[in-house]
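S.K.: Following this message is one structure expressed as structure tokens.
The values are calculated or read from the model by the stated rules, or taken from the named source; none is laboratory data. Predicted model only: the values in this text are computed from it and were never measured. FYI the Cβ positions are ideal-geometry reconstructions off the backbone, even for glycines, and counts take in every protein chain you see. Note: areas computed on protein heavy atoms with side chains; ligands, DNA, RNA excluded. Shrake-Rupley method; radii C 1.70, N 1.55, O 1.52, S 1.80 Å.
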Amino acid sequence: MTRSTQTTLLRTSGLLAAGVIVSLVAACSGPGTTAGSPSTHVLSDSSIGSTIAKLPHKTVGEVPVTRLAHGLVPPTNRWFSGLVFGEHPLPVFPLPLSFGLTDSGFTFGLPEVTTTANTITGGNAPSVTIDAGASASEITGYDDASVTIAHKTGSGSTLGSTVIAEGSPLVSFTAAKKVTLTLGQKFSSAGKGVYSAKVGKTTYGMRTTGSLSKDGTALSLVDGATAVWFPVPSDSTLSEVAASALPVTGVTLDYSSGGSTASTTLAYATAKAENTLIATLPHQQKSMTTPPCTLGSYPSIYGTMKLCAGKSLSWTSPTVGASDTIDLGSLDAAKKAELTASLAQDVTKTAALPADTYFGGKALYRLANLLMLADQLGDTASAKTVGAKLSDALREWTDPTRCKSNTERCFVYDPKMKGIVGLAASFGSDQFNDHNFHYGYFLYAASVAAAHDSKLRTEITPVMNLLAADLASSGGSKYFPDRRGFDAYAGHSWASGYSPFADGNNLESSSEAVNAWNGLALWASVSDNSRLKTEASWMLASEAASARAYWTDVDTSDPVYANYTHSVVALNWGGKRDYSTWFSADANAKLGIQLIPMSPASGYLGGDPKRIAKSVSEATSGDYNKQFGDYLLMYAALGGADQAKTALATAKGLPEKFIDDGNSRSYMLAWIMTRD
């Protein structure tokens, strides 16, 4: 088993797949590698710097107002990006809380969760208001789960700093000088430096060494003093929770991947290295060991969160084998002949390749799968044709100087926002939206092509490594943020670069996020980068487990789904969950966007045949002649041999217009045949 430990890099300047185990442990497991040391780098700056220097340096999209301390890499695609970017800060959701900045301080609260037939909401709850007398705020540090925010005077001096973290029900403020905070709610003493206020149905606790005014609305702190606030679970007591309400100072990540599981450990640091409060999500709770989470529970839009006292949170997810191959060895001669004929037609029908990064990437992915099928079937003529087309396209895309004279099929480096942007941009990729969706297709295609041609691999590796670094740098790079968009606590990606939404960040296509890490893991193997392979394999396992837990296989026994009438959730946010998509109101789109592109690694979508049948029935009503009809048939084939036989018969007659542009009839048939 290989392992990688990530420390605090940037501080200061549903049904879950079987086998998931969660434990809350007393100390972070694994070795403690120093932040930014060479051993933590998966793609070192020294190995990629020369290629970045060759690319044109250009900021393509409009950069919003940014509240970020000098020297920090812009944290795009994060759960807290709404605090950083935009003219005004927006609410964020460090579950179980919501949190927002005000002109002079901040607000937070425990969201009220409401479920309807199509939506689960738990939006911003400004239940507790803290006025620090600030004139401005800026992000001064962040790591894999926590954020530090400095509250400043008009002259720029710091009054104090607030820390929030995913999985922590605590909001803490540490004074940088003598300061008096105005509390929007009246707090009353509960003894020994603990206070409480009732807001609606929720009791909020406050633990501090500061001095509270007689009327309970002003808190005086000396330099270095701290106050911490928290909601008390309805099934717990103030005294029980307050005992472990120690402010979090940062969160460190440790991950590993090997064998049948990938593990995640998040260690929540405190000033005295003592237990603090940690709230766990459903995907982390399966098979939980010791210590027991006995401090009550919080409602959340993702299900019931259990509250524990500890120093770190650990859980494992079943590994998903990275794959670019459908094994056709078990097919009989007749089926292979049928596939060979279909393949030849698909090669002939290959259209001109699109010029943008999303559809262009999908077209490369389609060619890669045709090449894989040609090899499997021994069709040397098709392999030669499609292999040459794929290689030529990859050479074009990976010419580091091409963007100096062209506006498409090339990449630039954005020195302001620290990332690779492909031209032509699409779906807001110039604002760092969806980079994992786009670049996952490129990495997959490049892996297939490079495995066939060592000379091509040498040519395309420098720029392909930059795409990998844009998604998955670690160890503290000056060129990229660490793991852009991947949320270790949530176990999944976030899509929007600047997150200009009051409901936080969002993720729609869970399957394209999984596809990104499959492509990254394949590229790591082809480029012989073992550290990148470990990281990619961990993200692949985590994303697949969360995709099942919160998108495709939700645990309807949790009370949060009591009024929800669908078997999938198509669009998840920090503060709400919707049976909807960005692009279509049709049921086929709501399931189809969780399946695309049905890669050779998409077997993770299997499981309960009854659930698959129910989801497919709602999406199709028995008619596959619609958008994503190909992927819906491939998903139906995961329901068992009988379902696969029915899907195969339908797939043979599916009209061409209902086969996605990243797919082909021959690949669809091959995928289903191997499930027959």
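S.K.: Quick check: is even one residue across the stretch 272-291 open to solvent by 20 Å² or more (accessible area, probe 1.4 Å) and in a strand (DSSP E or B)? Let's see the steps before the verdict.
M.R.: First, pick out the residues of the stretch 272-291 that are open to solvent by 20 Å² or more (accessible area, probe 1.4 Å): 272-275, 285-291.
Adding the requirement that they be in a strand (DSSP E or B) leaves none.
Within the stretch 272-291 (the criterion being open to solvent by 20 Å² or more (accessible area, probe 1.4 Å) and in a strand (DSSP E or B)), the answer is no, since none of the residues qualifies.
S.K.: Does the stretch 554-565 hold any residues that are aliphatic (A, V, I, L, M) and outside any helix (DSSP H, G or I), and which are they?
M.R.: Residues of the stretch 554-565 aliphatic (A, V, I, L, M): 554, 560, 562.
The answer is Val554, Ala562.
S.K.: Right, another one. Of Asn406, Asn433, which residue is polar (S, T, N, Q) and touching a Ser or Thr at 6+ places or on another chain (Cβ under 7 Å)? Spell out how you get there, then give the answer.
M.R.: On the way: Asn406 fails: touching a Ser or Thr at 6+ places or on another chain (Cβ under 7 Å).
Criteria check complete, one pass: Asn433.
S.K.: Continuing with this model, one more query. Have a look at Gly378, Gly361 and point out the one that is open to solvent by less than 60 Å² (accessible area, probe 1.4 Å) and either farther than 21 Å from Asp660 by Cβ or of a type in the set (D, E, K, R) (or both). Working first, answer last.
M.R.: Numbers: Gly361 fails: either farther than 21 Å from Asp660 by Cβ or of a type in the set (D, E, K, R) (or both).
Testing whether each residue is open to solvent by less than 60 Å² (accessible area, probe 1.4 Å) and either farther than 21 Å from Asp660 by Cβ or of a type in the set (D, E, K, R) (or both) leaves just Gly378.
S.K.: Among Thr401, Thr407, which is the only one that is touching a strand residue (DSSP E or B) at 6+ places or on another chain (Cβ under 6 Å), of a type in the set (Ser, Thr, Tyr), at pLDDT 95 or above and open to solvent by 10 Å² or more (accessible area, probe 1.4 Å)? Outline the logic, then answer.
M.R.: On the way: Thr401 fails: touching a strand residue (DSSP E or B) at 6+ places or on another chain (Cβ under 6 Å).
Only one candidate passes the filter, namely Thr407.
S.K.: To continue, here is another question. Would you check if Leu571 is closer than 29 Å to Ser81 by Cα, touching a Leu at 6+ places or on another chain (Cβ under 7 Å), at pLDDT 95 or above and surrounded by 17 or more Cβ atoms within 10 Å (Cβ to Cβ)?
M.R.: Working: closer than 29 Å to Ser81 by Cα: yes; touching a Leu at 6+ places or on another chain (Cβ under 7 Å): no; at pLDDT 95 or above: yes; surrounded by 17 or more Cβ atoms within 10 Å (Cβ to Cβ): yes.
For Leu571, the condition - closer than 29 Å to Ser81 by Cα, touching a Leu at 6+ places or on another chain (Cβ under 7 Å), at pLDDT 95 or above and surrounded by 17 or more Cβ atoms within 10 Å (Cβ to Cβ) - is not met.
S.K.: Which residues, taken from the stretch 196-216, are over 18 Å from Thr276 (Cα atoms), crowded, with 16+ Cβ neighbours inside 10 Å and in contact with a strand residue (DSSP E or B) (Cβ under 6 Å, 6 or more places away or on another chain)? Before the answer, list the steps.
M.R.: Let us first name the residues in the stretch 196-216 that are over 18 Å from Thr276 (Cα atoms), namely 196-203, 210-216.
Filter once more, keeping what is crowded, with 16+ Cβ neighbours inside 10 Å: 196-197, 199, 202-203, 210, 212, 216.
Scanning the stretch 196-216 gives Ser196, Ala197, Thr202, Thr203, Gly210, Leu212, Gly216.
S.K.: Out of the stretch 164-177, which residues are within 21 Å of Thr209 (Cβ to Cβ) and open to solvent by less than 20 Å² (accessible area, probe 1.4 Å)?
M.R.: We begin by selecting, within the stretch 164-177, every residue within 21 Å of Thr209 (Cβ to Cβ); these are 164, 168-177.
Correct list: Ile164, Ser168, Pro169, Leu170, Val171, Ser172, Phe173, Ala175.
S.K.: Take the conditions in a loop (DSSP other than H, G, I, E, B), over 29 Å from the mean Cα position of the chain (by Cα), of a type in the set (Asp, Glu) and over 28 Å from Lys198 (Cβ atoms) and apply them to Asp215. Does it pass? Step through it out loud before you land on a result.
M.R.: Numbers: in a loop (DSSP other than H, G, I, E, B): yes; over 29 Å from the mean Cα position of the chain (by Cα): yes; of a type in the set (Asp, Glu): yes; over 28 Å from Lys198 (Cβ atoms): no.
No, not satisfied.
S.K.: Residues in the stretch 293-311: is at least one over 30 Å from Arg675 (Cβ atoms), open to solvent by 10 Å² or more (accessible area, probe 1.4 Å) and within 18 Å of the chain's Cα centre (by Cα)?
M.R.: yes
S.K.: Within the stretch 605-674, considering only helices (runs of 4 or more DSSP H) that don't extend past its boundaries, which have at least 3 residues that are closer than 19 Å to Ile593 by Cα and of a type in the set (S, T, N, Q)? Working first, answer last.
M.R.: Details: elements: 609-620, 629-636, 641-652, 665-673.
In the stretch 605-674, 609-620 are the helices (runs of 4 or more DSSP H) which contain 3 or more residues that are closer than 19 Å to Ile593 by Cα and of a type in the set (S, T, N, Q).
S.K.: Something else now. Of the conditions (1) crowded, with 23+ Cβ neighbours inside 10 Å; (2) out of contact with any helix residue (DSSP H, G or I) (no Cβ under 7 Å at 6 or more places or on another chain); (3) in a helix (DSSP H, G or I), Arg577 satisfies every one except a single condition; which number is it?
M.R.: (3)
S.K.: Out of the stretch 497-553, which residues are in a helix (DSSP H, G or I) and acidic (Asp, Glu)? Before the answer, list the steps.
M.R.: In the first step, residues of the stretch 497-553 are kept if they are in a helix (DSSP H, G or I); the result is 510-526, 530-552.
Passing the criteria: Glu512, Glu535, Glu543.
S.K.: If you check Asp528 against the conditions, is it at pLDDT 95 or above and either open to solvent by less than 10 Å² (accessible area, probe 1.4 Å) or within 21 Å of Gly639 (Cα to Cα) (or both)? Let's see the steps before the verdict.
M.R.: Numbers: at pLDDT 95 or above: yes; either open to solvent by less than 10 Å² (accessible area, probe 1.4 Å) or within 21 Å of Gly639 (Cα to Cα) (or both): no.
Criteria not met by Asp528.
S.K.: Taking the conditions exactly as written (assigned to a helix (DSSP H, G or I), crowded, with 22+ Cβ neighbours inside 10 Å and modelled with pLDDT of 95 or more), does Leu456 satisfy them or not?
M.R.: Details: assigned to a helix (DSSP H, G or I): yes; crowded, with 22+ Cβ neighbours inside 10 Å: no; modelled with pLDDT of 95 or more: yes.
No: the conditions fail for Leu456.
S.K.: Of the residues that make up the stretch 321-329, is at least one more than 30 Å from Gly123 (Cα to Cα) and assigned to a helix (DSSP H, G or I)? Can you show your working first?
M.R.: First, the residues of the stretch 321-329 that are more than 30 Å from Gly123 (Cα to Cα): 321-329.
Narrowing further to those that are assigned to a helix (DSSP H, G or I): none.
So far as the stretch 321-329 goes, no, none of its residues is more than 30 Å from Gly123 (Cα to Cα) and assigned to a helix (DSSP H, G or I).
S.K.: Name the residues in the stretch 585-613 that are open to solvent by 20 Å² or more (accessible area, probe 1.4 Å) and hydroxyl-bearing (Ser, Thr, Tyr), would you?
M.R.: Passing the criteria: only Tyr604.
S.K.: Let me ask another. Does Phe99 count as more than 30 Å from Ala424 (Cα to Cα) and among the aromatic types (Phe, Trp, Tyr)?
M.R.: Details: more than 30 Å from Ala424 (Cα to Cα): yes; among the aromatic types (Phe, Trp, Tyr): yes.
Yes: the conditions hold for Phe99.
S.K.: If you go through the stretch 75-130 one residue at a time, how many are within 18 Å of Gly167 (Cβ to Cβ) and in contact with a Lys or Arg (Cβ under 8 Å, 6 or more places away or on another chain)?
M.R.: Final tally of qualifying residues: 2.
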